[in-house]
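The values are calculated or read from the model by the stated rules, or taken from the named source; none is laboratory data. This structure is a prediction, so every number in the text was calculated from the model and none was measured. Note that we place each Cβ from the backbone using ideal geometry, even for glycine, and neighbour counts take in every protein chain shown.
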Amino acid sequence: MRSRSTTLGALLLCLLLAALDQTAVATALPTISAEMGTSAALTWVMSVYLLTATVSTPVWGKLSDLHGRRPLLQAAVIVFVAGSLWAGFASDIAGLVAARALQGVGGGGMVVLVFAAVADLVSPRERGRFVGLFGAAFGLASVLGPVVGGALTQAASWRWIFYLNIPLGLLALLTITLVLRLPRPTGAGRVDWLGALLLVVAVGGVMLGLLSADPASGSPTVSTITLIGVGLLSTVAFLRIERRSVEPLLPLRVVNHPVVRVTASLGLIVGLVTLGTIVYAPAYLQGVLGATPAASGVQLLPFVGGVLIASVLVGRLISRTGTYRAYPIVGTITATLGLLVLSRLGVDTPYARAAVGLTLVGAGLGAIIPVLTVAAQSAVAPRDIGVVTSTASLARSLGSTFGATAFGLVWGLALTGAPNTSPGDLPSAESLASATQATFLAAALVMAGAVVLSLRLPTVHLRATSAAAVDSAT
């Protein structure tokens with residue numbers, strides 16, 4: 001029991017490091033810009049981590065199914081630590097962006113392999129408790145990342161955001177090496193590298209296109225259309241290759257499974273709504289209610305608390321009852337109601353009403369998050385755990401990226417069409433409130449679609465034995 005607790009602690013540390021590094025750099029960007037004397041490509045310091053983390057997850061997942069979770073997780077931690085060391089000592093913006101790209105490759109592997117390793121260690125029925133806890137910790141770390149990054153930048157240097165990863169990453173690596181024991185794959189196979197390349201181009205093209213979009217312009221640029229077009233064409237080519245491949249990167253038998261289809265779709269919506277909430281709720285709190293950036297972070301705590309409490313509670317209920325179907329239904333309805341509350345925020349609305357809406361959205365999302373992983377992993381054979389876990393992670397990442405563009409477009413159009421707004425003027429509180437209402441109404445409509453999806457989620461029996469136990473028994 002102590003060995004498993006130590007192992008789960010090391011896995012949790014890997015997850016926290018990856019989650020914090022996704023967002024911790026945000027508050028340090030002005031300092032980095034001033035120190036390096038340039039703002040060129042500065043946004044890529046943030047974006048490239050998300051990009052490489054997303055495109056690499058399917059490859060990590062498939063490799064772990066073929067060669068085992070433990071060596072791949074060790075490799076991911078080493079890549080992440082190497083990227084952190086490079087970023088800490090980077091002397092120019094190009095080197096920092098390249099280091100962040102390497103970090104993202106390692107961080108993406110750490111996230112997907114941690115959840116896959118949990119699936120190997122604990123039974124599906126018991127898994128809900130740990131997935132809920134790990135999911136809540138991941139969400140909290142993502143939201144607190146800018147706070148941690150700001151504190152380290154102010155107290156020491158922005159470089160310590162990366163330096164701190166080195167001893168913590170090595171500690172996690174040492175623990176994994178000494179105590180992590182997972183079943184080894186019984187079969188051999190070859191990675192579909194052509195499929196992997198096409199998937200990277202497909203996902204990368206769509207993400208780059210969305211990240212390059214300018215929501216304020218109201219119309220897509222040539223580069224945006226070109227990149228998304230390349231991504232879509234590569235997607236078609238990838239699907240054709242996968243149908244013929246002996247060892248496909250994303251087996252269609254997995255992707256087409258009814259449970260996987262529904263959970264991946266729900267995951268995309270969860271990523272989309274989460275991003276919209278943590279970006280546009282603070283914009284309202286600061287621009288309309290007059291909160292400082294630090295105060296708006298504190299005022300976002302009802303959302304964070306809702307996610308944490310609901311994730312842990314639902315995870316425990318899944319472990320206790322062995323069923324999960326009701327929770328995403330309740331969660332999507334709760335989140336929809338919360339988004340409708342946020343869509344009614346105005347100039348004179350008290351913060352208490354915003355807090356109610358944020359709590360409902362957080363609690364609703366928190367009730368969905370543990371189910372997505374547990375249901376998808378329980379629907380497939382142990383040999384496909386890595387693939388299905390990476391599929392879930394890929395869906396949420398794409399949802400976040402799409403949300404940044406889609407909600408940004410709604411926000412920009414609402415600001416442009418708001419009354420008392422003239423070109424070149426700073427947005428008034430009335431126009432910001434109008435943009436907030438339009439953005440969260442759009443999010444509510446999307447989440448209402450998630451209610452329909454959740455009703456289509458089949459129930460899979462959650463067995464009481466882990467993959468490791470099954471492996472040892474055979």
Inset, instruction - Considering (1) under 29 Å from residue 388 (Cα atoms); (2) touching a Pro at 6+ places or on another chain (Cβ under 8 Å), say which one residue 72 fails and leave the rest. - result: (2)
Inset, instruction - Starting from residues that are modelled with pLDDT of 80 or more and crowded, with 22+ Cβ neighbours inside 10 Å, keep the ones in the range 129-139 and report whichever is farthest from the chain's Cα centre (by Cα). - result: 130
Legend entry - Meets criteria (in contact with a Leu (Cβ under 6 Å, 6 or more places away or on another chain) and within 16 Å of residue 88 (Cα to Cα)) for residue 47: no
Inset, instruction - Examine the range 187-208 for a residue that is under 21 Å from residue 16 (Cβ atoms) and either part of a loop (DSSP other than H, G, I, E, B) or at pLDDT 85 or above (or both), and state whether such a residue exists. - result: no
Inset, instruction - For the range 360-380, enumerate the residues that are β-branched (Val, Ile, Thr) and outside any loop (DSSP other than H, G, I, E, B). - result: 361, 368, 369, 371, 373, 374
Legend entry - Residues (crowded, with 20+ Cβ neighbours inside 10 Å, polar (S, T, N, Q) and modelled with pLDDT of 90 or more) located in the range 59-114: 84, 103
Legend entry - Residue within the range 329-337 that is among the small types (Gly, Ala, Ser) and over 20 Å from the mean Cα position of the chain (by Cα) present: no
Legend entry - In the range 241-273, the residues that are within 16 Å of residue 383 (Cβ to Cβ), of a type in the set (D, E, K, R) and in a helix (DSSP H, G or I): 253
Legend entry - Residues of the range 284-303 satisfying the condition of being at pLDDT 85 or above, hydrophobic (A, V, I, L, M, F, W, C) and surrounded by fewer than 22 Cβ atoms within 10 Å (Cβ to Cβ): 289, 301
Inset, instruction - With the checklist (1) among the polar types (S, T, N, Q); (2) more than 22 Å from the chain's Cα centre (by Cα); (3) within 29 Å of residue 343 (Cα to Cα) in hand, flag the one item residue 234 doesn't pass. - result: (3)
Inset, instruction - Scan 277, 323 and give me the residue that is of a type outside the set (A, V, I, L, M) and under 16 Å from residue 442 (Cβ atoms). - result: 277
Inset, instruction - Go through the residues of the range 39-48 one by one and say whether even a single one is among the polar types (S, T, N, Q) and under 18 Å from residue 176 (Cα atoms). - result: no
